[in-house]
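> Here's a structure for you.
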Amino acid sequence: MKQQKPSSVTAGQRVRGKGQPQSEGAELQELRPGQSIELLKELHILTREGRLNQDSRRKLKQVYHLFNFIEPLLAELPVHAGGPTLADHGAGKSYLGFILYDLYFKALGHGHIYGVETRAELVEKSRVLAQRLHFERMSFLNLSVAESADARELPAQIDVVTALHACDTATDDAIAFGLQKKARVMVLVPCCQAEMATCLRQGKALQLARTPLAELWRHPLHTRELGSQVTNVLRCLYLEASGYQVTVTELVGWEHSMKNELIIARYTGQKKRSAAERLRALLGEFGLEHAMGGRFGVGADQSLAEDMVTH
């Protein structure tokens with residue numbers, strides 16, 4: 001007799017039972033206990049039949065991996081009224097925000113997640129989904145990262161700032177947001193960093209004559225890759241000079257994403273003078289003081305950088 005396929009999949013059906021196809025059971029075992037199947041279907045991580053395809057499995061693996069980094073950071077936060085608060089910049093379809101709420105904030109019973117996204121249609125879809133799932137402590141703002149720093153909808157202090165694949169200077173805007181909001185933790189995955197490469201190309205001939213190090217960015221491909229590397233190094237130094245302990249690691253395997261660098265910054269209050277000095281030295285070595293110094297607290301007037309390490 002032909003086996004009848006269940007009309008819906010519930011959390012209790014994750015472990016394969018009698019009559020359940022092995023492939024479906026294996027797929028469902030990849031999910032976390034208590035996870036909302038409805039949410040995963042709405043995010044198109046699961047098909048309507050409760051299955052995972054290769055692309056959705058890749059997305060799920062990335063989000064889970066990032067969740068494994070963020071969950072212990074949330075648990076370490078000091079308890080305060082209304083907390084923890086988390087701002088997710090460049091939220092897109094809010095995969096990260098929804099998964100964090102479903103697996104952590106929902107059971108916690110307090111705290112709030114703010115999704116910041118420039119595409120109005122994605123913001124509206126996220127609002128509708130949060131309402132349908134009764135995720136009351138989620139808000140979605142149609143703003144750029146830079147605009148969100150002064151938005152009245154956000155509190156004066158944010159515990160955790162995330163920016164997953166925020167393109168080009170949006171990562172720097174997220175860092176500036178985190179500094180302004182006195183974030184305890186920042187979790188950043190930079191993406192598509194073109195600004196540094198543009199600056200390096202503009203002074204290439206002069207730099208080639210000045211230093212043999214310019215060979216590192218003589219070829220266009222090297223310019224792009226070096227620009228990305230140096231930008232992230234400067235970001236880490238800036239965070240250290242601002243009182244954060246920084247860890248740099250891989251987000252997931254390179255087979256899943258080429259934009260794979262994960263920067264985790266925990267606030268300690270110990271501002272490193274050596275980090276500020278090396279930041280200025282690197283900008284000088286690459287001839288970038290005027291073009292990019294302001295983004296890292298270093299301008300023609302060095303008082304900004306000095307204030308960063310002496311107060």
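> Please verify whether segment 44-65 includes one or more residues that are closer than 22 Å to HIS112 by Cα and not in a helix (DSSP H, G or I).
No; the residues of segment 44-65 include none that is closer than 22 Å to HIS112 by Cα and not in a helix (DSSP H, G or I).
> Determine which single condition THR198 fails, assuming it passes every other condition in (1) of a type in the set (Val, Ile, Thr); (2) surrounded by fewer than 24 Cβ atoms within 10 Å (Cβ to Cβ); (3) not in a helix (DSSP H, G or I).
Result: THR198 fails condition (3) only.
> Looking at HIS219 and the list (1) surrounded by 15 or more Cβ atoms within 10 Å (Cβ to Cβ); (2) without any contact (Cβ under 8 Å) to a residue 12 or more places away in the chain, which single condition is not satisfied?
(1)
> Being surrounded by 15 or more Cβ atoms within 10 Å (Cβ to Cβ), modelled with pLDDT of 90 or more and either charged (D, E, K, R) or more than 22 Å from the chain's Cα centre (by Cα) (or both) is true for just one of ARG280, ARG273. Which residue is that?
That would be ARG280, the only listed residue that is surrounded by 15 or more Cβ atoms within 10 Å (Cβ to Cβ), modelled with pLDDT of 90 or more and either charged (D, E, K, R) or more than 22 Å from the chain's Cα centre (by Cα) (or both).
> Please find, among SER23, SER94, the residue that is more than 23 Å from VAL185 (Cβ to Cβ), small (Gly, Ala, Ser) and at pLDDT below 95.
Residue meeting the stated conditions: SER23.
> All but one of (1) at pLDDT 90 or above; (2) part of a helix (DSSP H, G or I); (3) not polar (S, T, N, Q) hold for VAL246; state the number of the condition that does not hold.
Checking VAL246 against (1) at pLDDT 90 or above; (2) part of a helix (DSSP H, G or I); (3) not polar (S, T, N, Q), the one that fails is (2).
> Restricting the search to segment 257-293, which residues are within 28 Å of LEU74 (Cα to Cα) and assigned to a loop (DSSP other than H, G, I, E, B)?
SER257, MET258, LYS259, ASN260, THR268, GLY269, GLN270, LYS271, LYS272
> Residue by residue through segment 75-102, note down the ones that are surrounded by fewer than 20 Cβ atoms within 10 Å (Cβ to Cβ) and hydrophobic (A, V, I, L, M, F, W, C).
ALA75, LEU77, VAL79, ALA81 - these are the residues of segment 75-102 that are surrounded by fewer than 20 Cβ atoms within 10 Å (Cβ to Cβ) and hydrophobic (A, V, I, L, M, F, W, C).
> Within segment 156-173, which residues are modelled with pLDDT under 95 and under 19 Å from SER94 (Cβ atoms)?
Within segment 156-173, ALA163, LEU164, HIS165, ALA166, CYS167, ALA170, THR171, ASP173 meet the criteria.
> Tell me, which helices (runs of 4 or more DSSP H) wholly within segment 93-158 include 2 or more residues that are within 22 Å of GLY178 (Cα to Cα)?
95-100, 145-148
> Can you find a residue that is touching a Lys or Arg at 6+ places or on another chain (Cβ under 6 Å), at negative phi and not charged (D, E, K, R) anywhere in segment 148-162?
Yes: one or more hits.
The values are calculated or read from the model by the stated rules, or taken from the named source; none is laboratory data. These figures come from a predicted structure and were not determined experimentally. A quick note on method: Cβ atoms are made from the backbone with ideal geometry, for glycine too, and the neighbour counts reach across all protein chains shown.
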